[in-house]
Amino acid sequence: MAVVAVSVATTAGWTALVGRGLGRATAAAVAVAALGGLLAFAGAVGVLSTLVTVGLLAASQGGARAAFGRHRPKGAIVRPARHGVLLLNPRSGGGAAEQHDLVNEAAARGVRVVVLTPDADLRALAEEAADDGADVIGMAGGDGSLGLVADVVRRRGLAFVCVPAGTRNHFALDLGLDRADVAGALDGFEAAIERHIDLGQVGERVFVNNVSLGAYAEIIQADSYRDAKVGTAAAKLPELLGPDHAPSDLRFLGPDGRVQSNADVLLVSNNSYHLHSLGGLGIRSRLDRGRLGLVALSVGGARDLAALLALEPVGAIDRFRGLQRWESPTFRVDSAQPVSIGVDGEALSLAPPLLFRSLPGALRVRVPLHAPGVRVLRPGVRGTVRGLIRVAAGKQGA
């Protein structure tokens, strides 16, 4: 009876959790009835049944942890910040900071706010906050700003809070934050989950997401890109990928250990992405593997371009024959001239050679106890935000 009742309650409870409408209500009623019958039975037959029931429930919980635990980032609960400081860019994300009243929300949590002015030196402000005794520093802004502040934080041995007040907030997504709950991310300054995650580095520049080279990096160099992304890309693509475009001058070791120089797009990421679509890179299920994710894309001509355009909308870009993917803790790119790159979306130009490396466990990052946790890709669904499902996590598993 105990075995049957626990099985029915567990199955019906799960059905109620993921169901809708009448089916959810019916399943919930069945689960309650099964648990009620179990308690009545335990009261009737005494201690043995109660012990069996407790054992079954413990086994059920252990099975759930084994099944879903691999999707949960490891971390420890830490106390509230003693002296928290939030650096805030009011222009990021179309004014997201003002929309979510971040200044007052942070003040209500006892966090000092430093609002950036147009000519502010972000790195210097982060260093100043550390010098003033901050033990936790947060950044409300785009991913490029997050990388700059994260570099200061890791060098000074402090903890970091990510507030998703940028445009796309890819880093927040991979940390498991609810990007719609911008103010809620400030709870990372309260009692929170602290994790050690990796950072990537190219030369002396640290990045939290990725560095792009090749066609995309050239496009974002244009002054018009920020205000007219589609128009700028359309104007530049014939020059970069057309039949008369100059061969790539980027040289690197491919996954087979041989020198390659035919990549039209090269992506170096802080841990690997689930890559199904160039339009939406997907997610990184891990930020603590100590590896760079490497992607090289070569478009040989009109036939390849047609295949690429056919595979992209259905999220099957990984089947494109000109795509290579691999991992490495370090990576080197050579060129005969300065290399245009996009570091977390910010356009830069660096002198070769470009030396990339992973910084394992370099950053202590704090996420709120109520954060929804990491997300996983549903099989067969396009790798964009719409193709993600949220793995629910309780307070202890966030």
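Once the piece of chain linking VAL78 and ALA28 is laid out straight, how much longer is it, given 0.36 nm per residue of separation minus the C-alpha distance between them?
Details: separation 50, 0.36 × 50 = 18.00 nm, distance 3.55 nm.
Length gained, VAL78 through ALA28: 14.5 nm.
Taking R0 as 56 Å, what's the FRET efficiency between VAL52 and ASP318 from their Cβ-Cβ distance, rounded to 0.05?
After rounding to 0.05, the efficiency reads 0.70.
Can you order the peptides 269-276, 115-122, 129-136 by their average number of other Cβ atoms within 10 Å per residue, highest first?
Values: 269-276: 22.2, 115-122: 12.4, 129-136: 16.8.
Highest-to-lowest ranking by the protection proxy: 269-276, 129-136, 115-122.
Take GLN337 and ASP256, extend 7 Å from each Cα along the Cα→Cβ direction, and tell me the distance between the two endpoints in nm.
2.9
Using the Karplus equation 6.51 cos²θ - 1.76 cosθ + 1.60 (θ = phi - 60°), what ³J(HN,Hα) coupling, rounded to whole Hz, does each residue of segment 331-340 give in order, writing x for Gly and Pro?
7, 10, 10, 10, 7, 8, 8, x, 9, 7
Please give the contour-minus-distance gain from HIS370 to THR11: 0.36 nm per residue of separation, less the Cα-Cα distance, rounded to one decimal in nm. Please report the intermediate quantities before stating the final value.
Working: separation 359, 0.36 × 359 = 129.24 nm, distance 2.57 nm.
Length difference between fully extended and current span is 126.7 nm.
GLN99 versus VAL3, label points 7 Å from Cα toward the beta carbon: distance in nm?
5.5
Which of the peptides 355-363, 186-194 is most tightly packed, and how do the rest follow, going by the mean number of other Cβ atoms within 10 Å of each residue? Spell out each step's value before the answer.
Numbers: 355-363: 18.1, 186-194: 22.4.
Per-residue Cβ counts within 10 Å, averaged per peptide and sorted highest first, yield 186-194, 355-363.
Apply 1/(1 + (r/R0)^6) to the Cβ-Cβ distance of VAL115 and ASP288, taking R0 = 45 Å, and write down the FRET efficiency to the nearest 0.05. Write out the running numbers ahead of the final one.
On the way: r = 32 Å, r/R0 = 0.72.
So, using R0 = 45 Å, E works out to roughly 0.90.
Using a 1.4 Å probe on the protein heavy atoms, what percent of the accessible area of segment 121-162 belongs to carbon and sulfur? Before the final figure, lay out the partial values.
Working: 500 of 1210 Å².
Looking at segment 121-162 in its full context, I get 41 percent from C and S.
The values are calculated or read from the model by the stated rules, or taken from the named source; none is laboratory data. If you're wondering where the values come from, they're calculated on a predicted model, not measured in any experiment. Because the Cβ atoms are built from the backbone with ideal geometry, glycine has one as well, and the counts that use them run over all protein chains shown. Accessible surface areas use protein heavy atoms only, side chains included; no ligands, DNA or RNA. Shrake-Rupley method; radii C 1.70, N 1.55, O 1.52, S 1.80 Å.
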